[in-house]
Amino acid sequence: MEVEEIKVPLRDVRKTIKEFYEEDKWHFITVNAVDLGGKVELKWFFSPYGEKERFKVVVSEVSYDEEIPTITYLIPSAWISEWELADLFGLNVEGAKTGLFLEPDSPKAPLRRG
Amino acid sequence: MGNRITIPFGSQHVALPEPIKFVFQTENERITSVEVDVGYVHRGIEKACQTKFKYTQVGYVVARVCGLCSISHTLAYVTAVERLMEVEVPKRALYLRLIVSELDRVHSHLLAMGHTAEVAGYENLFMQTFRYRETVMELLELLTGNRVQYDYACIGGVNRDVTPEVAKTLKERLKELKEKCLWIKDVFENDLTLKYRWKGVGVVTKEMAKEFNVVGPPARAAGLETDCRAEFNYLPFDEVGYKMVVRKGGDIYDRNLVRAYEVLNSIEMVENALDSLPQGEIKVPVKGLPDGESFVRVEAPRGELFYYVKGSKKLVLDRVRIRVPTFANIPVMKELFIGMDYSDVPATVISFDPCLSCTAR
């Protein structure tokens, strides 16, 4: 498996994705979050169409209250992954609404540690 | 100005046996905007997998994400863990996984096609399709011991071997099933009323498919050549005659035909796999604890299933992330509805074969 990881500060995530992302070539899979305790590691996964086991992963870290830039300007379908971050991790994603995956009486930010 | 009406579609609806809610704003029955809610049954399975269950048990937990594609969920999870722990799975186990996974696709596709026929008012076709699906359910029961929650794959291999008697029965019944599926394909392809009802309805163009990163049969029906079976090495598909089915229409008609042709290809692959089933072990012991991260793409019947696992030498994993195909297709569905007649919504939604059990896992 060929994985190219690009570690960038949060403010550069959109710029980094914009530099390589072409909708004809790249398939955006999802943005994944892992709570590291006090901060969250975010990974945006991409895979090129028609190629075997090749991935590009943009990696960044975010504190709980920092605003995460949306990439829906570049990839319109990314909103659902971003809204999920807002619901399940209680993260502050630009333009994201809560309540898509959880009901009002659900636990808040259930995937955070502790 | 037209007649403006707000129509809630779901969370309980005669056309959609899934707890999803779309709220449509319509003007003279044409949809002008749509809101979506998928959170009625969120079950916190990801949380349970990283707090309550050992990594060896998680495969059985994720099988419960969905009754229809439980095989794909377990397969994706065990593949991710095997890659993380560098486990070499015996070839026979890979072939057995392929057989069960493709049979799962057959029954899931037949279910989706049957539902679309039902929504179009063709109840006879719905019943026939479900009747033929029953054969696959019986074959899966024969192979795995269960009709729904199969628990077939495990870390290191599979839980049950196939006996020569079972293999013989499988081959005989698959031959019958192939003929029935050819008949179904023929009806879906050539029936005039179905063509009138489905051609040009709910069209996802290739451009839309790329823009919204559509996955599975809806993507292939729109001409986008994407299939994890071709883009990720998790089972030996190349050795058993896998063919990617791609069409260009992007409408309900083509989505059904992609499924119909895939059913035939899956049956063919199962037959070939049974004929060339390697001898040897079905499982290897797994030692140690998972350390690091791993991710896999698996082609579930509805499309790309993405699993991410992260461990740190503990019995319980740090993170299990499940990105299911319906989750990936909701954005394009939402976009598609704008400008569509409300009367076309039920058939279009069903033609995407949405699974909320997976989405709100």
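The values are calculated or read from the model by the stated rules, or taken from the named source; none is laboratory data. Nothing here was measured: the structure is a model prediction, and the numbers come from that model. Please note: Cβ atoms are built from the backbone with ideal geometry, for glycine as well, and neighbour counts cover all protein chains shown. Note: areas computed on protein heavy atoms with side chains; ligands, DNA, RNA excluded. Shrake-Rupley method; radii C 1.70, N 1.55, O 1.52, S 1.80 Å.
Numerical summary
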item: Residue pairs, from the table A:Lys7/A:Lys43; A:Lys39/B:Lys313; B:Lys54/B:Lys91, whose Cα atoms sit over 18 Å apart; result: A:Lys39/B:Lys313; B:Lys54/B:Lys91
item: Helix B:70-84 axis, angle to chain B major axis (alpha carbon atoms, nearest 10°); result: 50
item: For the protein assembly as shown: span of alpha carbons on each principal axis (Å, largest first); result: 68, 61, 41
item: Chain B - convex hull of alpha carbons, volume per residue in Å³; result: 124
item: Region B:305-322-region B:14-46 distance, computed between alpha-carbon centres (Å); result: 30
item: B:Ser101 accessible area, assembled protein chains, probe 1.4 Å, Å²; result: 10
item: Solvent-accessible heavy-atom area per residue, rounded to whole Å², over chain B at 1.4 Å; result: 37
item: Reciprocal of mean inverse Cα separation for region B:242-353 (Kirkwood radius, Å); result: 17.9
item: Three-way shape call for region B:30-86 based on the alpha-carbon gyration tensor, with the a/c threshold at 1.5; result: prolate
item: 10 Å-binned pair-distance histogram of region B:139-295 (Cα, whole percent); result: 9, 27, 32, 22, 8, 1
item: FRET efficiency estimate (nearest 0.05) - Cβ-Cβ, B:Ser343 to B:Lys199, R0 22 angstrom; result: 0.90
item: Two-site label geometry, A:Asp105 and B:Tyr40: point separation in nm, points 7 Å out along Cα→Cβ; result: 1.6
item: Translational diffusion coefficient (Stokes-Einstein; Kirkwood radius from C-alpha pairs) of chain A at 25 °C, 0.890 mPa s, in µm²/s; result: 167
item: Ranking by accessible area, most exposed first, for B:Tyr95, B:Tyr40, B:Tyr196 with a 1.4 Å probe; result: B:Tyr196, B:Tyr40, B:Tyr95
item: In degrees, nearest ten, helix B:91-119 long axis to first principal axis of chain B (Cα); result: 20
item: 23 Å Cα-Cα reach of B:Lys199 towards lysines, excluding residues that sit fewer than 8 places from it in its own chain; result: B:Lys185, B:Lys210, B:Lys248, B:Lys334
item: Rough spin-label spacing in nm, given labels placed 7 Å along Cα→Cβ, for B:Val166 and A:Asp24; result: 4.9
item: Buried accessible area, chains A and B (both chains, 1.4 Å probe, Å² to nearest 100); result: 3600
item: Dipole magnitude of region B:4-354, debye to nearest 20 (Cβ charges: Lys/Arg +1, Asp/Glu -1, about Cα centre); result: 800
item: Residues of region A:43-58 buried by at least 40 Å² on assembly (accessible area, 1.4 Å probe, chain alone as reference); result: A:Phe45, A:Tyr49, A:Lys52, A:Glu53, A:Phe55
item: Accessible area per residue, Å², region A:36-77 with all protein chains present, probe 1.4 Å; result: 35
item: Within straight-line cross-link reach of B:Lys175, aspartates and glutamates at Cα separation under 18 Å, skipping those fewer than 8 residues along the same chain; result: B:Glu102, B:Asp104, B:Glu134, B:Glu138, B:Glu141, B:Glu165, B:Asp186, B:Glu262, B:Glu268, B:Glu271, B:Asp275
item: Given charges at beta-carbon only (K, R positive; D, E negative), |dipole| of the protein assembly as shown in Debye; result: 760
item: Calculated P(r) tail over 19 Å for region B:1-146, as whole % of Cα pairs; result: 68
item: Options B:Val81, B:Ile5, B:Cys181, ranked by Cα towards positive dipole end of region B:4-354, top entry (Cβ charges); result: B:Val81
item: Dipole magnitude (debye, nearest 20) for chain A, charges at Cβ of Lys, Arg, Asp, Glu; result: 140
item: Degrees between helix A:79-88 axis and first principal axis of chain A (Cα, 0 to 90, nearest 10); result: 40
item: Rotationally averaged projected area of region A:54-106 (alpha carbon convex hull; nm²); result: 4.5
